[in-house]
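The values are calculated or read from the model by the stated rules, or taken from the named source; none is laboratory data. Quantities reported herein were computed from a predicted structural model and do not represent experimental measurements. Virtual Cβ from ideal backbone geometry, glycine too; neighbours counted across all protein chains shown.
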Amino acid sequence: MGAQFDISFVFSFLPKLLGTLSTTLLIVACSLLTGIIVGFLVALPRLYKVPVLKTLSEIYISFFRGTPILIQLFLFYYGLPEIMKLVHVDMTRTPVLVFVILTYGLHTGAYMSEMIRASVMAVDKGQVEAAYAAGMTGFQAFTRIVLPQALGIAVPVFSNLVIALLKDTSLAFTLGVMEMSGKAQTLGSLTQHFIETYIALALIYLVISFTIEKLLLVAEHHLLRHERRNTPEKKLFKINKSWSYRRIIAELGPGKGGTGL
Amino acid sequence: MKLDPSFIWTALVQILSAIPTTLYITVVSVLIGFVIGVAVALIRLYRVPLLHPLAVGYVTFIRGTPMLTHLLLIYFGLPVLIDGLAAHFGWSFRSVSIPMIGFAYISFSITAGAYMSEVVRSGLLAVDRGQLEAAHSIGMTTPQALKRIVFPQALAASLPNLSNSVIGMLHGSTLAFTVSVVDINAKAQIVASTNWKFFEAYLAAALIFWALTFLIERVTSVIEKRINLYNRGGVA
């Protein structure tokens with residue numbers, strides 16, 4: 001079970017792991033971008049109830065939310081080249097990172113589309129009617145009234161999704177991508193100091209997800225500045241009603257249930 | 001390597017035998033996780049002096065790090081801890097006698113506990129404080145009020161979240177393959193590599209997971225209807 005526990009290894013492993021942080025962040029950034037685009041494309045048919053596309057996007061969301069990301073990774077990695085072979089496209093030389101980003105992008109896309117849909121729907125319909133009454137066009141009402149409110153509602157879910165995505169990248173090592181957990185595994189088996197490597201790895205993930213959470217919290221407070229009251233927000237068993245209601249909607253609906261891998 | 005649609009069915013049948021392992025891991029981790037979660041949530045809500053910062057630290061750590069690192073930390077760390085203590089106190093118990101699936105149980109329960117505590121906490125926060133005060137005013141003690149008034153309502157409020165967590169743990173159990181537990185994912189891997197048909201095997205595994213998830217969602221929606229009966233609007 002490896003060598004004696006030695007705390008100094010944690011510190012010597014930290015810089016080595018940080019060297020591969022860029023790969024992890026690259027995966028997160030690229031899949032996030034893919035995810036947002038896919039999410040919008042998938043959310044629109046459901047919001048506007050386009051006949052056939054609506055069913056397709058429902059199946060897409062159901063599949064990506066209903067199967068583990070690890071299975072999806074393998075499925076894409078082994079399946080995509082075979083499917084592409086049917087249309088005579090050779091994918092044997094495609095870097096693994098492409099498959100990883102594609103899988104994570106499509107996976108996040110499913111959650112993103114649910115997030116977009118739920119937060120647009122969480123905006124009171126009366127708001128749109130009031131905007132029409134004031135003489136705005138549909139587009140104006142959407143960009144000036146609905147979108148700013150929906151953004152505020154979406155931020156907590158978005159923050160959860162980004163952190164879940166960050167943590168999910170730890171599975172990319174199964175396809176042989178040298179990101180942080182892959183590097184940690186290599187370091188562990190080279191030095192036989194497994195516990196120390198994984199402590200170092202956990203510390204890095206902790207710091208990054210904490211930073212992301214804080215940054216997005218600032219964004220949320222900024223976006224929801226009109227919603228806040230002057231009363232203190234949290235008491236035992238009591239939080240500001242309208243605020244809590246929105247937050248509960250946002251947190252109940254489309255998130256990953258918090259249980260990102 | 002050619003696509004072989006008929007093998008999907010063969011693989012599906014072979015993988016079926018691994019479903020119980022996956023379900024065991026899910027159920028055990030969700031149940032123990034729920035117990036931990038309720039304890040942690042109550043500690044945080046009532047701000048129990050010494051335990052409160054510990055609970056916050058636990059939840060932050062678990063939610064901030066991937067499940068894979070929890071599993072590996074437990075897998076490599078627990079034996080060292082147990083064997084160290086055993087040598088010190090002269091126990092006869094050694095870490096070797098822990099089965100592989102035990103590590104999965106322990107680690108996933110710890111993971112589920114942190115997520116469950118958030119679910120329970122938001123559920124409890126969703127219950128109006130006036131309910132608790134009303135219960136007090138008719139002479140209930142706090143444990144009575146919590147058990148009879150607050151918990152049932154909190155449960156109803158957090159059911160969707162709870163079901164998401166169960167599904168999350170079901171999907172998370174695929175990680176057990178890293179400590180060589182043969183769950184659905186590991187079985188798919190075995191079936192795939194012995195027959196050299198990776199795509200078909202993983203497609204079968206995905207279908208099984210999809211079905212299981214669908215089943216959990218159905219069951220939850222039935223329970224949700226049942227549990228929210230009191231909540232119907234209009235005249236009774």
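With the requirement that a residue be within 7 Å of chain A (Cβ to nearest Cβ) and either under 26 Å from B:Leu73 (Cβ atoms) or without any contact (Cβ under 8 Å) to a residue 60 or more places away in the chain (or both), what does the range B:151-188 give you?
Matches in the range B:151-188: B:Asn161, B:Asn164, B:Ser165, B:Ile167, B:Gly168, B:Met169, B:His171, B:Gly172, B:Thr174, B:Leu175, B:Asn185.
Residues of the range B:91-104 being more than 13 Å from every other protein chain (Cβ to nearest Cβ), in a helix (DSSP H, G or I) and surrounded by fewer than 21 Cβ atoms within 10 Å (Cβ to Cβ), which ones?
If the condition is that a residue be more than 13 Å from every other protein chain (Cβ to nearest Cβ), in a helix (DSSP H, G or I) and surrounded by fewer than 21 Cβ atoms within 10 Å (Cβ to Cβ), then B:Ser97, B:Met100, B:Ile101, B:Gly102 are the ones that fit.
Tell me, which helices (runs of 4 or more DSSP H) lie completely within the range B:129-228 with 2 or more residues that are under 30 Å from B:Ile98 (Cα atoms) and of a type outside the set (Lys, Arg)?
Passing ranges, in order: B:151-172, B:184-195, B:198-227.
Which residues, taken from the range B:159-189, are of a type in the set (Ser, Thr, Tyr) and buried (at least 24 other Cβ atoms within 10 Å of the Cβ)?
B:Ser165, B:Ser173, B:Thr174
Any residue that is within 14 Å of chain B (Cβ to nearest Cβ), free of Cβ contacts under 8 Å to residues at least 60 places away in the same chain and under 28 Å from B:His171 (Cβ atoms) - is there at least one of those in the range A:137-160?
no
Please go through the range B:192-211 and give me each residue that is more than 8 Å from chain A (Cβ to nearest Cβ) and either of a type in the set (A, V, I, L, M, F, W, C) or farther than 14 Å from A:Phe76 by Cα (or both), ordered by number.
Our first condition is that a residue be more than 8 Å from chain A (Cβ to nearest Cβ); within the range B:192-211, this holds for B:193-197, B:200-201, B:204, B:207-208, B:211.
Those that are more than 8 Å from chain A (Cβ to nearest Cβ) and either of a type in the set (A, V, I, L, M, F, W, C) or farther than 14 Å from A:Phe76 by Cα (or both): B:Ser193, B:Thr194, B:Asn195, B:Trp196, B:Ala201, B:Ala204, B:Leu207, B:Ile208, B:Ala211.
From the residues in the range A:65-88 that are over 19 Å from B:Phe198 (Cα atoms) and free of Cβ contacts under 8 Å to residues at least 24 places away in the same chain, which one is farthest from the other protein chains (Cβ to nearest Cβ)?
This residue is A:His88.
What are the residues in the range A:198-212 that are facing chain B (nearest Cβ under 8 Å), of a type in the set (A, V, I, L, M, F, W, C) and closer than 17 Å to A:Thr186 by Cα, if any?
Answer for the range A:198-212, where residues must be facing chain B (nearest Cβ under 8 Å), of a type in the set (A, V, I, L, M, F, W, C) and closer than 17 Å to A:Thr186 by Cα: A:Ile199, A:Leu201, A:Ala202.
Out of the residues in the range A:55-64 that are within 15 Å of A:Arg117 (Cα to Cα) and surrounded by 15 or more Cβ atoms within 10 Å (Cβ to Cβ), which is nearest to the other protein chains (Cβ to nearest Cβ)?
If we take residues in the range A:55-64 being within 15 Å of A:Arg117 (Cα to Cα) and surrounded by 15 or more Cβ atoms within 10 Å (Cβ to Cβ), then A:Ser62 is nearest to the other protein chains (Cβ to nearest Cβ).
In the range B:10-46, which residues are part of a loop (DSSP other than H, G, I, E, B) and either buried (at least 20 other Cβ atoms within 10 Å of the Cβ) or at positive phi (or both)?
Residue satisfying the conditions is B:Ala18 alone.
Quick grid of which residues meet (1) surrounded by fewer than 20 Cβ atoms within 10 Å (Cβ to Cβ); (2) modelled with pLDDT of 85 or more; (3) over 29 Å from A:Ile61 (Cβ atoms):
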{"residue": "A:Leu201", "(1), (2), (3)": "no, yes, yes"}
{"residue": "A:Ile204", "(1), (2), (3)": "no, yes, yes"}
{"residue": "A:Lys214", "(1), (2), (3)": "yes, yes, yes"}
{"residue": "A:Lys235", "(1), (2), (3)": "yes, no, yes"}
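Of the numbered conditions (1) touching an Asp or Glu at 6+ places or on another chain (Cβ under 8 Å); (2) closer than 18 Å to B:Leu203 by Cβ; (3) touching a residue at least 12 places away in the same chain (Cβ under 8 Å), A:Arg46 fails exactly one; give the number of that condition.
All conditions pass for A:Arg46, except number (2).
On the basis of being over 25 Å from A:Arg46 (Cβ atoms), surrounded by fewer than 22 Cβ atoms within 10 Å (Cβ to Cβ), within 14 Å of chain B (Cβ to nearest Cβ) and not small (Gly, Ala, Ser), does A:Thr169 make the cut? If you could, list the steps in order and put the result at the bottom.
Values: over 25 Å from A:Arg46 (Cβ atoms): yes; surrounded by fewer than 22 Cβ atoms within 10 Å (Cβ to Cβ): no; within 14 Å of chain B (Cβ to nearest Cβ): yes; not small (Gly, Ala, Ser): yes.
Spelling it out, it is not the case that A:Thr169 is over 25 Å from A:Arg46 (Cβ atoms), surrounded by fewer than 22 Cβ atoms within 10 Å (Cβ to Cβ), within 14 Å of chain B (Cβ to nearest Cβ) and not small (Gly, Ala, Ser).
From (1) within 13 Å of chain A (Cβ to nearest Cβ); (2) more than 30 Å from B:Pro152 (Cα to Cα); (3) over 18 Å from the mean Cα position of the chain (by Cα); (4) aliphatic (A, V, I, L, M), pick out the condition that doesn't hold for B:Leu42.
(2)
Answer yes if at least one residue in the range B:141-149 is under 24 Å from B:Ser107 (Cα atoms), more than 8 Å from chain A (Cβ to nearest Cβ) and in contact (Cβ under 8 Å) with a residue 12 or more places away in the chain, and no otherwise.
no
For the range A:135-152, give me each residue that is over 14 Å from A:Leu223 (Cβ atoms), touching a helix residue (DSSP H, G or I) at 6+ places or on another chain (Cβ under 9 Å) and small (Gly, Ala, Ser).
Hits for the range A:135-152 are A:Gly138, A:Ala141.
Quick check on my filter: what residues within the range B:47-85 are within 13 Å of chain A (Cβ to nearest Cβ), surrounded by fewer than 17 Cβ atoms within 10 Å (Cβ to Cβ) and over 22 Å from the mean Cα position of the chain (by Cα)?
Matches in the range B:47-85: B:Arg47, B:Val48, B:His52, B:Val80, B:Leu81, B:Asp83, B:Gly84.
Out of (1) surrounded by fewer than 17 Cβ atoms within 10 Å (Cβ to Cβ); (2) touching a helix residue (DSSP H, G or I) at 6+ places or on another chain (Cβ under 7 Å); (3) farther than 18 Å from A:Leu165 by Cβ, the odd one out for A:Leu86 is which?
(2)
Need a quick list: helices (runs of 4 or more DSSP H) entirely within the range A:134-192 having at least 2 residues that are within 27 Å of A:Leu17 (Cα to Cα).
Numbers: elements: A:138-141, A:147-168, A:180-191.
Filter on the range A:134-192 gives A:147-168, A:180-191.
Can you confirm whether A:Lys125 is over 25 Å from the mean Cα position of the chain (by Cα) and either within 12 Å of another protein chain (Cβ to nearest Cβ) or charged (D, E, K, R) (or both)?
When the stated conditions are applied, A:Lys125 passes them.
Please verify whether B:Phe7 is more than 30 Å from B:Ala154 (Cβ to Cβ), in contact with a helix residue (DSSP H, G or I) (Cβ under 6 Å, 6 or more places away or on another chain) and not in a loop (DSSP other than H, G, I, E, B), treating the condition exactly as stated.
yes
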